[in-house]
Amino acid sequence: METLAPAASAAPRPVAPPPARIDWSALIHPEHVHGSLYTDPAIFQEEVRRIWQRTWVYVGHESEVPNVNDFVMKSIGPDPVIMTRGKDGRIHLLHNRCPHRGNQVCEKHRGNARTFTCNYHGWTFDNDGSLRGYPFPSGYEGDMRKSLGLGRVARVASYRGFVFGCMAEDGISLEEHLGGAKEALDILCRNSPEGEVEITAGFLQHKVMANWKFVMENETDGYHPAFVHASIFDVADSQIGTLYADTSTAVTRYFGNGHSEVDLRPEFRKRGEPLSWFGTTPQKLPDYVSKMNAAYGEQKAREILIEGTPHIMIFPNLFIAEIQMFTIQPLNVNETVQHVTALQFKGAPDFNRRLRQQTMGSVGPAGFLLADDAEMYERSHRGVQEKNPEWVYLGRGSHRERRDEQGFRIGHATDDLCSRGMWQHYRSLMEAK
Ligand code: FES
Ligand code: FE
């Protein structure tokens, strides 16, 4: 775990939000949540304060800013954030807001720049956020560079190249926040012969008219694929359907802190065929397989290639879906953007080419998979606005929940375990003092 940037901020401390008057215990029960949680703008405003502006949120990957002075526009919740690599090589997360009169200082999506100049009155900032200079300085008493600069996200840290930001100066570390989910990122990275993921394929943005929590919950909902994705499973003649069947041996797992996964490895181990998780064979990816054998030894490489990559939702916004990565960005209570890219593995060009092709087929502009999910998000969002019944039911599989050998709660692949865990964590965040 690496700390990437200092916590200092030139801005005055934020004004404390007014106390919430929402009774969360009345809205969130172990097996039911109230429909208004998805549609009430006042609840969304509380989420911005208590989740997006207070907890660790995934922002971007180190490989998106490989060179000194690279920058890329990202977000934390609805707020834009510029991720930069400073001249010292460290990563900074800066608010895109001039401390002078509030203008946005960067309009580009990505680039390489030592400084950002605000278009309104020409103030210039270094890419670590410090104010470098401003026109007509005689109009100010004293040196404004000592007191003003771009706002910095208070804490920045990364794990295995995944960069997270936390706007609160105090609280648990990223490592504590990730907890058991760290291992899933380790499992992901070991699919590279060099042990590293690269986010270099570019992003597609999919916007839906639905609350962000419908998207988050759906990512580890193993009940819907058999129905929502039946058409792609048929057309592609894929074996994916068996992973989410009533007879599946795959499990849902809740890691705590809102993180969950559908662990498909029991099914892949049963098959015992390397790369079957990816719908292919070692003969089709000879370079990749030989590099994996060289890196890990044949036996370990075989095990890695049988088990594949994880299917994990890291609360509140990072979804690793075997071959793709999604970042969930809420714009407001009823609009959400999913930023999606193909995962790329360092040192594996033949594997990466297929990952990009499969990503285009499933979640590209004419892709089957995400379009089906998007339709469900929007129908759910419209549906919960009806008041009879008022509640959403999350009880599937409560009676068969159990613990795995590490003490994490697990259930059948099709159970609501992950949603129950997310809502439990959500409630703890919303009720926190
Ligand atoms: Fe940025 Fe005035 S608002 S320089
Ligand atoms: Fe789906």
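The values are calculated or read from the model by the stated rules, or taken from the named source; none is laboratory data. Everything numeric in this text was worked out from a predicted model, so none of it was measured. Every residue, glycine among them, receives a Cβ derived from its backbone with ideal geometry; neighbour counts consider all protein chains shown.
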Neighbours by Cβ (under 6 Å, 6+ apart or cross-chain): first from the stretch 368-397, within 16 Å of PHE227 (Cβ to Cβ) and more than 16 Å from ligand 1 (Cβ to nearest atom); second assigned to a loop (DSSP other than H, G, I, E, B) and acidic (Asp, Glu): ARG396/ASP415; ARG396/ASP416
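Residue-wise test of (1) within 13 Å of ligand 2 (Cβ to nearest atom); (2) closer than 27 Å to ARG54 by Cα.
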site	(1), (2)
GLY171	no, yes
ALA184	no, yes
GLU194	no, no
ALA201	no, no
PHE214	yes, yes
ASN218	yes, yes
TYR244	yes, no
THR247	no, no
Residue count, the stretch 350-393 (criterion: of a type outside the set (Phe, Trp, Tyr), more than 21 Å from HIS339 (Cα to Cα) and either in a loop (DSSP other than H, G, I, E, B) or within 25 Å of the chain's Cα centre (by Cα) (or both)): 9
Residues that are buried (at least 17 other Cβ atoms within 10 Å of the Cβ) and without any contact (Cβ under 8 Å) to a residue 40 or more places away in the chain, drawn from the stretch 280-298: PRO282, VAL289, ASN293
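Residues checked against (1) outside any strand (DSSP E or B); (2) more than 18 Å from the chain's Cα centre (by Cα); (3) within 16 Å of ligand 2 (Cβ to nearest atom):
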residue: SER36; (1), (2), (3): yes, yes, no
residue: PHE44; (1), (2), (3): yes, yes, no
residue: ARG50; (1), (2), (3): yes, no, no
residue: THR55; (1), (2), (3): yes, no, no
residue: VAL72; (1), (2), (3): no, no, no
residue: LEU93; (1), (2), (3): no, no, no
residue: ARG97; (1), (2), (3): yes, yes, no
Answer from PHE345, PHE315, PHE326 - the residue that is over 19 Å from VAL57 (Cβ atoms) and aromatic (Phe, Trp, Tyr): PHE345
Residue within the stretch 406-423 that is away from ligand 2 (no atom under 16 Å from the Cβ), at pLDDT 95 or above, in a helix (DSSP H, G or I) and loosely packed, with under 13 Cβ neighbours inside 10 Å present: no
Breaking point among (1) buried (at least 17 other Cβ atoms within 10 Å of the Cβ); (2) at pLDDT below 95; (3) closer than 30 Å to GLU386 by Cβ, for LEU27: (2)
Qualifying positions in the stretch 234-279 - free of Cβ contacts under 8 Å to residues at least 12 places away in the same chain and under 17 Å from THR414 (Cα atoms): THR247
Enumeration of residues in the stretch 113-131 that are touching a residue at least 60 places away in the same chain (Cβ under 8 Å), assigned to a loop (DSSP other than H, G, I, E, B) and not charged (D, E, K, R): GLY129
Positions within the stretch 175-191 being part of a helix (DSSP H, G or I) and surrounded by fewer than 16 Cβ atoms within 10 Å (Cβ to Cβ), in sequence order: GLU175, GLU176, GLU183, ASP186
Qualifying residue in the stretch 116-134 (condition: surrounded by 15 or more Cβ atoms within 10 Å (Cβ to Cβ), closer than 29 Å to MET313 by Cβ and more than 16 Å from ligand 1 (Cβ to nearest atom)): no
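In the list GLY161, GLY129, which residue meets the criterion of being touching an Asp or Glu at 6+ places or on another chain (Cβ under 7 Å) and on the phi > 0 side of the Ramachandran plot?
GLY161
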Filter result for the condition that a residue is on the phi < 0 side of the Ramachandran plot and at pLDDT below 95, over LEU370, LEU394: LEU370
